[in-house]
Structures are given as C-alpha cells and as structure tokens.
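Structure first, commentary second.
The values are calculated or read from the model by the stated rules, or taken from the named source; none is laboratory data. Note that the structure is a prediction, hence the values are computed from the model and not measured. Positions of Cβ are backbone-derived with ideal geometry, glycine not excepted, and every protein chain shown enters the neighbour counts.
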Amino acid sequence: MILFSYDYCMSDFKISDIPPTITTNNSARYEVFDNSMLVMPKVLDVLIKKTHPEIISVSIKDVDSSLTYNPMDFSAIERFRLHISVSFKQGIQPKGVMEYYSESIQDLFKYTYPEHDFVKFNVIEMNIPNPPSNRELFGRLFLPEQ
C-alpha cells in the first residue's frame, strides 16, 4: 500500500496552492495615544523608586504598538512597548546600563500587574546629573544665600 506518491504530488502541485502565511507586523508603528498624557501608574512608580533608590523619576517618552495574531483563532493581539526615561539623584551612580533597568522595570511590572502581559518596557534615556563644579561649591560656601 502506497500512501504517498512523489511523482503524482509534484505534477499536480502549483505555487498558487500554497496558503498565505500569517505574519506579525512588528515593524509597523501606530499612533497609540497622545504621549504627553501618558504617566506611569502610581503603584509602579513608587515600587521602582523603592527598589532603586538612586532613581528620582521615571517618565514615558513614547509608546509603540504592534499586532500579532493568535495562531489558534487568528484574532489580532495588540502589544505595547513603552520607551521610558530614567533620571537619577545627584551624586549617585546607576547600578547598571539601560538593559539592566529595562529588565528590572519589566519584572516589577510583571509582578505588580500579572494580567497585563501585553506591555513591555524599554529604557531609552538615562539622565545622570553632573557633579557640581568647584566654582559652584565655592559659591555655596562663600556667597550669601539669596
């Protein structure tokens, strides 16, 4: 008993018979919200500052949206990536690079909001203040306060 005949299948095969594949559109960028209106949730903001005392503020700079498709029922799933800026306290150096803080904030978000697995974080900016110059330090000591 022959279950598969190579010659028969190849002779009847046409390129147009191949079904189109379902792909994700990760490179598409959609206007999601007015970025100036976006703020970090208070609970997450407090948790970030308690976990990383060197951070003074976290702000959302931009957000991207992408669509993927559920392979089981082909429904569209929208996912969001928040690009954030982290500012540090004067005189305290960061514990790591941008990837370190991206992963840490992502983990904190995951633990705080486990049902929102469609949100990811990406630190794109780290604001580290310069230490005061000798001129500034001298002025603080010897000039009258105004």
- request: Check off (1) more than 23 Å from residue 114 (Cβ to Cβ); (2) at pLDDT 95 or above; (3) among the polar types (S, T, N, Q) for residue 51 and give me the number that stays unchecked.
  value: (1)
task: Please specify each residue of the range 98-116 satisfying the condition of being outside any helix (DSSP H, G or I) and in contact (Cβ under 8 Å) with a residue 24 or more places away in the chain.
output: 113
field: Verdict on residue 58 being out of contact with any Asp or Glu (no Cβ under 7 Å at 6 or more places or on another chain) and part of a strand (DSSP E or B)
entry: no
query: Does residue 56 fit the bill of being under 20 Å from residue 35 (Cβ atoms) and in contact (Cβ under 8 Å) with a residue 24 or more places away in the chain?
result: no
field: Residue that is modelled with the lowest pLDDT [pool: residues in the range 61-112 that are of a type in the set (Asp, Glu) and within 25 Å of residue 50 (Cα to Cα)]
entry: 62
message: Looking at the range 127-141, I want the residues that are within 30 Å of residue 101 (Cα to Cα) and have a partner that is surrounded by 10 or more Cβ atoms within 10 Å (Cβ to Cβ) and of a type in the set (Phe, Trp, Tyr) with Cβ atoms under 6 Å, at least 6 apart or on another chain. Which pairs are those?
response: 128/88
query: Taking residue 115, is it under 30 Å from residue 137 (Cα atoms), surrounded by fewer than 16 Cβ atoms within 10 Å (Cβ to Cβ) and at pLDDT 95 or above?
result: no
- request: Being farther than 16 Å from residue 40 by Cα and either among the hydrophobic types (A, V, I, L, M, F, W, C) or under 12 Å from the mean Cα position of the chain (by Cα) (or both) narrows it down to one of 88, 109, 80, 121, so name that one.
  value: 88
